[in-house]
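These notes concern the structure reproduced below.
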């Protein structure tokens with residue numbers, strides 16, 4: 001009988017969908033995202049509810065003007081008939097984030113943040129080598145808070 | 001010709017040293033710092049590092065007293081400003097500002113201070129109980145008071161500060 005091997009967190013990666021919301025770089029686990037389409041096109045899923053602005057749903061105050069290009073991300077149904085779509089700003093990227101750059105919220109921050117879905121922080125270098133903060137959200141925590149269109 | 005001998009000199013020195021009573025005075029290490037023009041201290045055992053400069057990443061959705069997070073050799077730590085909790089006017093972060101990495105109430109965090117005065121060993125006996133005239137909001141945060149360089153210094157309870165902050169105070 002083979003035991004499940006413990007992943008090597010020093011080299012492990014986590015697939016994330018990164019996008020911009022309210023001027024912040026935000027990430028969701030890729031396993032929670034089941035589709036993406038340009039914001040102006042119609043959803044192919046008849047079960048989908050009205051699309052909500054991700055920044056509003058996450059509780060992020062927009063920092064600057066929204067760019068013109070936006071995408072709709074379809075979130076994995078949870079429960080099966082609860083299809084949610086959120087509107088985000090491009091670029092939308094599917095990346096493999098090294099586990100070593102992902103950090104739990106420091107305890108004082110976790111205690112005082114008003115962002116209910118904020119789950120972790122990532123510090124990843126941009127193409128110029130400068131560390132940038134990425135806010136990692138868990139949409140399952142926000143499911144109890146229906147997004148408003 | 002001298003009136004005394006070498007033996008006498010050495011004997012005298014030996015006898016004199018016997019009169020010195022060596023008393024081990026309990027001492028504690030304090031990290032003394034300034035917030036505005038007031039001086040405070042933490043017990044040294046609570047402070048694991050002093051950072052002169054750090055790039056603080058602002059995190060949205062937090063109170064103003066939570067400055068952000070810093071990267072300390074690959075670990076993320078929060079940075080809190082104690083000014084609100086201590087009801088001090090929040091001063092502009094000057095060039096002498098520093099971050100104390102503290103541990104209390106089972107949590108760790110950076111604490112923004114305006115200036116680190118010194119890290120010293122002081123006799124435990126020099127720390128007096130908090131005076132009855134201490135303002136209400138400080139009474140449960142101050143462990144004791146002492147004088148350092150002719151300045152009054154309040155020794156703060158980091159356990160209580162972090163616990164209060166996590167509960168939403170400050």
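We did not get these values from a lab; they are worked out from the coordinates using the rules stated. Fair warning: this is a prediction, and the values are worked out from it, not measured in the lab. In this analysis, Cβ positions are derived from the backbone assuming ideal geometry, glycine residues included, and neighbour counts consider all displayed protein chains.
Cα axis of helix B:6-18 to longest principal axis of chain B: angle in degrees, 0 to 90, nearest 10? Computed tilt is about 40 degrees. Under the simplified labelling scheme, the residue B:12-residue A:32 pair shows an inter-label distance of 8.4 nm, with each label point 7 Å from Cα along Cα→Cβ.
What order do you get for B:126, B:108 when you list them from fewest to most C-beta neighbours inside 10 Å? Walk me through the intermediate numbers first.
Values: B:126 16, B:108 19.
Ranked by crowding around the Cβ, least crowded first: B:126, B:108.
Pick from B:74, B:106, B:44: which residue has the top mean-square fluctuation in a GNM of chain B where Cα pairs under 10 Å get a spring? Of B:74, B:106, B:44, the Gaussian network model singles out B:74 as fluctuating most. Extension gain, residue B:48-residue B:72: 0.36 nm per intervening residue step, less the Cα-Cα distance, totals 7.4 nm. Restricting the calculation to alpha carbons of region B:1-155 gives Rg and Dmax of 22.5, 87 angstrom.
Expressed in whole Å with the largest first, what are the equivalent ellipsoid semi-axes of region B:118-170 derived from the C-alpha gyration tensor as the square root of 5 times each eigenvalue? Provide the component values of the computation, followed by the final result.
Values: eigenvalues 102, 36, 17 Å².
Computed over region B:118-170, the values are 23, 13, 9 Å.
Give me the percent of DSSP beta bridges within region B:43-170 that run antiparallel, rounded to the nearest 5. Walk me through the intermediate numbers first.
Values: 25 of 27 bridges.
Bridges in region B:43-170 are about 95 percent antiparallel.
The length gained on full extension between residue B:37 and residue B:103, counted as 0.36 nm times the residue separation minus their Cα-Cα distance, comes to 21.3 nm.
Here the spin labels are modelled as points 7 Å beyond Cα on the Cα-Cβ line, and at residue A:96 and residue B:126 they lie 5.8 nm apart.
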